[in-house]
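Undergrad: I have a structure I would like to understand better, so I am pasting it below and will then ask my questions one at a time.
The values are calculated or read from the model by the stated rules, or taken from the named source; none is laboratory data. These numbers were taken from a predicted model, which means no experiment stands behind them. Note that we place each Cβ from the backbone using ideal geometry, even for glycine, and neighbour counts take in every protein chain shown. Heads up: the accessible areas ignore ligands, DNA and RNA and are worked out on the full protein's heavy atoms, side chains in. Shrake-Rupley method; radii C 1.70, N 1.55, O 1.52, S 1.80 Å.
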Amino acid sequence: MPKPRLTEKRWKPEHEVELQKKWKEEKLYGFNEDTEKEILVIDNPPIYPSGSKELPLNPGQLVSYNYIDMVARTSRMHGKEVLYPHCFDRNGIKIERMVKNETGKNSRETGREEFNRLCEEKLDRMEKLINEVFYRCGLSFQEGKHIYRTDSEDYRKLTQQTFKELWDHGLIYEDHRPNNWCPNCRTAIAEAEVEYKEGSTTLNHIKFKLPDGEEKEIATTRPELLAACQAVLVHPDDERYTQLHGENIEIPIYNRKVPIIPHHYAEKDFGTGMLMICSYGDKADVKIFRELNLDPIEAINKENRMTQRTGSYEGLTVEEARETIIKNLKEEGLLTKQEQTHHRKPVCEACGTRIELIPMKEWYLNQTKFLNQIKGKADEIEFLQPQHKRTLLDWTESVTIDWAVSRRGAYATEIPLWYCLKCNHPIVPEIKRYYRPWKEEPPIEECPKCGGKEFKGEEKVFDTWMDSSISNLYVAGYRRNEERMEKTYPEKIIRVQGRDIIRTWLYYTILKNIQLKDQKAFGKVWIHGMGLNEKGEAMSKSKGNFPDPKPLIEQNGVDALRFYAAEEANIGEDYRVSEERIKGAKKFLTKLWNTARFVSMFEQTEKPSEIKETDKWILSELNRLIQECEEGYSRYNFFPVANKVKNFVQNQFASHYLEMVKKRAYEEDQSALYTLHTVLRKIIKLIAPIAPHITDKIHRELYEGSIHREMMPKKEKEAEHGELTETLMEFNHSVWKNKKDQGIALKEEAKDTSIPKELEPFKEDLVQMHNIKGE
RNA sequence: GGGUCCGUAGUCCAGUGGUUAAGACGCUACCCUUACAAGGUAGAGAUCGGUGGUUCAAAUCCGCCCGGACCCACCA
């Protein structure tokens, strides 16, 4: 009995860490800029270092980054030079809020300089925690000069440079208009950052007075906005109010008259059929103010308090004002009814605070002009999961207003802009380096408009999507490495991301690339589904409804997690993270290990001149498997690969072929030894992108060097006997079942057994395997 | 209200017109058989959401209904 070269009886996840060390020493995953090979740039999502000390990542995120690593490894094994930078998104209000919660102070209290320093420290700490987990996964991204952080001077400079380009194209303008304002984060936020919470609220019926003294009831959920009411709408066909069209009606408390206007927006069946339009109760108000050209009255300020326009309510918070005004209306008999109604209130995605629509000056990027072009470019980009293109198109269709790109944050890329102190003219200088206008001298001599010599720096910063929407350009080398840009942009770039950020990251990137380069942003888009928890709910950091991913890896190994992720669902579909099923994947890895262990007992041989029939059969099955894997890998879909390889290893190679070939193998039949090693070697390559540790361990122990320098096996010319698989497996099962029914051991003689005619070629091996006499 | 997708065993997930519906997890029984008991062998478990139609033939195509997920709009 020969000794196996793989001595351990099981695959041990501890080997993963040793291998990762080797990979690092051998610099396996570098990027060679001067390569002759085809380059693939992986525009992968810079991770945002949020979460908590205990749980910097949820299991779904961890799977996402492992999926992306599979894309990189697959491409390398297809002979590509892969640029796959490790990257962090480190700008914006999320980190500011974390610092505020920890220190209890905001940037005005600590000073902006100090606050930014605290943000940076916090980010560095979070980054370390994330890296601990990433390194334990053995992700094959590049660090060193290829790592990037969106808050680095280099990256922020590019954000500012591209802003300058947009400015020069005339796409940036300042406007005073209602914005989604988060009173807690103290900044305007984009439409995509607004979430809606279901709930019930009180609908108050309030008496308004007609000129003839008659009273009409109007229902509202926002009575504190009475002071900002500028019109009352009724449906044009509502017969109750036809004679009132064009009349004036008097607002209670303020005794101010506003017109009654017929408008389709008013529904006959809701409330009393009469509705008051205020600046601004909701998005519909904004639309109608614009449509009817009404004069807005500012009732709520940025501190979430009532303004002097609300009279005696000045200084109260919105909630206090609502309570007080309801009390006052009751006292005066003007409140006739209160009922509960269902609605959704808009809240800040980052902190959950109710947002208000407050008019303010912000910088806008024209996006509405480009919506048709976005759809056009989307058609040029190959969506590897076509089902997700719909989400992008639907979102594009729903965009109605331009993108407010300025924010009132502290830790973010500064808007590189100065105002002339004399004439207030805004100036964006040539971007020669990264500028911080709130603390730096302007790189400007004099105002081009009035010749003024003194300037004031802009204090506002950019929405973080302004940074991340140029990630593909940054990585491809825009304005930094024109040669790489030339070679890769846009066709050789693949965008990899989750379906949760289609409306933001994907949409904004496509928009910016049209505006800056009039190009599609990348050749391909690859979108994965979301990891759900065991109940099927989306995992969210704010809810904390997920398990800690670290023990999952420690106990099962990252290869088990990855194999699980690959075999669980087609790329693009959501999947439930299940510990039980990860353990199942680990069992398969053990099976693979032991299969390799068996093969490792035998010497490798040259290809003999004659291959025996049974060996031809398994080689033909292997060929079929390779082809099926090729189909999966061509779309970076690991699902068919994992499932087909697992099925082949467990249900064909191990259960049938190994049993059939054992006798010949022990006798050192050259055809058997050659086939055993050929099949093993190819199947570990087939799943090397999915399970990079165990396959590399086997490869290093049995063959030469790392598997991660090898190419993916290619299909060879048709081998024989593929059509006999079913018959062969059925025959074996029937013999096993007979022996079991007769209560005899598998090695006992199989009596009354005859080999079917089609299986004649395998006769000798079958006779040995089942111990068939008299054949 | 408009749209997209989905519904296959206790669970997950293949199968897009053609014998008996694939596989995995879990479950049951037997077996330490010399690669593997974190294993092997055998087995139970599905009227393919319901219903009507097209067809020689439907899990698969079409209509309607039920259930679920997501997106958009609306929510005075």
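Undergrad: Could you look at chain A and say what percent of its accessible area is carbon and sulfur, using a 1.4 Å probe and all protein chains?
TA: Carbon and sulfur together cover 45 percent of it.
Undergrad: Given +1 on the Cβ of Lys and Arg, -1 on the Cβ of Asp and Glu, and no further charges, what dipole in debye does chain A carry about its Cα centre, rounded to the nearest 20?
TA: The dipole magnitude comes to about 1360 debye.
Undergrad: Using Cα positions and a limit of under 17 Å, work out the lysines in reach of A:Lys257, with same-chain residues fewer than 8 apart set aside.
TA: Counting by Cα, and skipping residues close in sequence, A:Lys257 has these lysines nearby: A:Lys207, A:Lys209, A:Lys216.
Undergrad: Name the residue from A:Thr504, A:Leu225, A:Thr605 whose Cα lies farthest towards the positive end of the charge dipole of chain A, charges +1 on Cβ of Lys and Arg and -1 on Cβ of Asp and Glu.
TA: A:Thr605
Undergrad: Could you tell me which of the pairs A:Lys432/A:Lys453; A:Lys128/A:Lys377; A:Lys345/A:Lys439; A:Lys432/A:Lys460 are separated by over 31 angstrom between their Cα atoms in the structure shown? Spell out each step's value before the answer.
TA: On the way: A:Lys432/A:Lys453 20 Å; A:Lys128/A:Lys377 38 Å; A:Lys345/A:Lys439 38 Å; A:Lys432/A:Lys460 20 Å.
Long pairs (Cα-Cα over 31 Å): A:Lys128/A:Lys377; A:Lys345/A:Lys439.
Undergrad: If you don't mind, another one. Could you compute the FRET efficiency for A:Glu120 and A:Glu247, with r as their C-beta to C-beta distance and R0 at 56 Å, rounded to 0.05? Write down the numbers at each step before the final one.
TA: Values: r = 61 Å, r/R0 = 1.09.
FRET efficiency, A:Glu120 to A:Glu247: 0.40.
Undergrad: Place a point 7 Å from Cα of A:Glu143 in the direction of its Cβ. Which residues in the stretch A:1-35 have their backbone N less than 12 Å from it?
TA: A:21, A:24-25
Undergrad: Note the full-extension length gain between A:Glu606 and A:Glu153 as 0.36 nm times their separation in residues minus their Cα-Cα distance, in nm to one decimal. Could the numbers behind the result be given before it?
TA: Numbers: separation 453, 0.36 × 453 = 163.08 nm, distance 5.70 nm.
Fully extending the segment from A:Glu606 to A:Glu153 adds 157.4 nm.
Undergrad: Report, in deg cm²/dmol and to the nearest 500, the calculated mean residue ellipticity at 222 nm for chain A, where each DSSP H run with n ≥ 4 adds -39500 (n - 2.57) and the sum is divided by the residue count. Mind dumping the intermediate values first?
TA: Numbers: 24 runs with 296 residues, N = 775.
That calculation yields -12000 deg cm²/dmol at 222 nm.
Undergrad: Based on the alpha-carbon set only, what is the convex hull volume of the stretch A:48-173 divided per residue, in Å³? Provide the component values of the computation, followed by the final result.
TA: Values: hull volume 19.7 nm³, N = 126.
It is 156 Å³ per residue.
Undergrad: Moving to a separate point now. For the stretch A:298-387, what are the per-bin percents of Cα-Cα distances with bins 10 Å wide, up to the bin holding the maximum?
TA: Final binned percentages: 12, 24, 27, 16, 12, 8, 1.
Undergrad: Moving on to the next point. Using θ = phi - 60° and the Karplus form 6.51 cos²θ - 1.76 cosθ + 1.60, what ³J(HN,Hα) does each residue of the stretch A:354-360 get, whole Hz, x for Gly and Pro?
TA: Values per residue, Gly and Pro as x: 5, 8, 10, 8, 10, x, 7 Hz.
Undergrad: Among DSSP beta bridges whose residues both lie in the stretch A:175-295, state the antiparallel percentage, nearest 5. Mind showing how you got there, number by number?
TA: Numbers: 19 of 22 bridges.
Within the stretch A:175-295, antiparallel bridges account for around 85 percent of the total.
Undergrad: Among rounded, prolate and oblate, which fits the stretch A:171-231 when a ≥ b ≥ c are the square roots of the eigenvalues of its C-alpha gyration tensor, a/c under 1.5 means rounded, and a/b larger than b/c means prolate?
TA: Details: a/c = 3.57, a/b = 1.81, b/c = 1.97.
Verdict is oblate for the stretch A:171-231.
Undergrad: By DSSP, what percent of the beta bridges with both residues in the stretch A:416-566 are antiparallel, rounded to the nearest 5?
TA: Working: 6 of 11 bridges.
Taking every DSSP beta bridge with both residues in the stretch A:416-566, the antiparallel ones total about 55 percent.
Undergrad: Round to the nearest 10 and give me the degree value, 0 to 90, for the angle of helix A:670-686's Cα axis relative to the longest principal axis of chain A.
TA: That works out to roughly 0 degrees.
Undergrad: Now a separate question. Students often get this wrong, so check it: of A:Lys682/A:Lys739; A:Lys27/A:Lys520; A:Lys583/A:Lys646; A:Lys682/A:Lys737; A:Lys22/A:Lys145, which have C-alpha atoms separated by over 24 Å?
TA: Correct reply: A:Lys682/A:Lys739; A:Lys27/A:Lys520; A:Lys682/A:Lys737.
Undergrad: Counting pairs of alpha carbon atoms under 8 Å apart in space and at least six apart in sequence, what relative contact order in percent does chain A give? It would help to have the intermediate numbers written out before the result.
TA: Values: 1303 pairs, mean separation 123.6, N = 775.
For chain A, the relative contact order is 16 percent.
Undergrad: A further question follows. Which far-off residues, 5 or more places away or on another chain, put their amide H under 5 Å from the one on A:Glu573, with H placed in the peptide plane?
TA: Correct list: A:Gly529.
Undergrad: Using R₀ = 35 Å, calculate the FRET efficiency as 1/(1 + (r/R₀)^6) where r is the Cβ-Cβ separation of A:Gln627 and A:Arg709; round to 0.05.
TA: Numbers: r = 24 Å, r/R0 = 0.67.
Given R0 = 35 Å and the Cβ-Cβ separation, E is 0.90.
Undergrad: Something else: Quick one: angle between helix A:14-25 and the longest Cα principal axis of chain A, in degrees between 0 and 90, rounded to 10, please.
TA: Computed tilt is about 80 degrees.
Undergrad: With a 1.4 Å probe and every protein chain left in place, work out the accessible area per residue of chain A in Å², rounded to a whole number.
TA: The answer is 44 Å² per residue.
Undergrad: Contour minus end-to-end for A:Lys591 and A:Glu191, with contour as 0.36 nm per residue of separation and end-to-end as the Cα-Cα distance? Write out the running numbers ahead of the final one.
TA: Working: separation 400, 0.36 × 400 = 144.00 nm, distance 5.06 nm.
Gain on extension, A:Lys591 to A:Glu191, equals 138.9 nm.
Undergrad: Right, here's the next one. Can you list the residues, at least 5 places off or on another chain, whose amide H is less than 5 Å from the amide H of A:Asp282, using H built in the peptide plane?
TA: Under 5 Å from the amide H of A:Asp282 lies no amide H from a residue far enough along the sequence or on another chain.
Undergrad: Between Rg and the Kirkwood Rh of the stretch A:669-775, both from Cα atoms, what is the Rg to Rh ratio? It would help to have the intermediate numbers written out before the result.
TA: Working: Rg = 18.5 Å, Rh = 16.8 Å.
Expressed as Rg/Rh, it is 1.10.
Undergrad: Give the dimensionless ratio obtained when the Cα radius of gyration of chain A is divided by 2.2 N^0.38 Å.
TA: Numbers: Rg = 33.8 Å, N = 775, 2.2 N^0.38 = 27.6 Å.
Normalised Cα radius of gyration, chain A: 1.23.
Undergrad: Right, here's the next one. Can you list the residues, at least 5 places off or on another chain, whose amide H is less than 5 Å from the amide H of A:Ile772, using H built in the peptide plane?
TA: Here the answer is A:Ala750, since their amide H atoms fall under 5 Å of that of A:Ile772.
Undergrad: A follow-up question, please. Going down the list A:Lys586/A:Lys644; A:Lys12/A:Lys587; A:Lys361/A:Lys449, which pairs span over 18 Å between their C-alpha atoms?
TA: Values: A:Lys586/A:Lys644 16 Å; A:Lys12/A:Lys587 11 Å; A:Lys361/A:Lys449 22 Å.
Flagged as over cut-off: A:Lys361/A:Lys449.
Undergrad: A further question on this structure: May I ask you to evaluate 6.51 cos²θ - 1.76 cosθ + 1.60, the Karplus curve with θ = phi - 60°, for each residue of the stretch A:515-530 and list the ³J(HN,Hα) values in order in whole Hz, giving x for glycine and proline?
TA: Rounded to whole hertz, the list is 5, 8, 10, 6, 9, 5, 6, 7, x, 10, 10, 10, 10, 9, x, 9.
Undergrad: If you fit an axis through the alpha-carbon atoms of helix A:692-702 and take the longest principal axis of the Cα set of chain A, what angle between them do you get, 0 to 90°, nearest 10?
TA: Roughly 20 degrees between the two axes.
Undergrad: Once Lys and Arg get +1 and Asp and Glu get -1 on their Cβ, which of A:Ile95, A:Gln519, A:Tyr265 lies farthest toward the positive end of the dipole of chain A?
TA: Sorting the options by dipole projection puts first A:Ile95.
Undergrad: Of all beta bridges DSSP finds with both residues in chain A, what is the antiparallel percent, to the nearest 5?
TA: Working: 56 of 79 bridges.
Beta bridges within chain A, antiparallel portion: roughly 70 percent.
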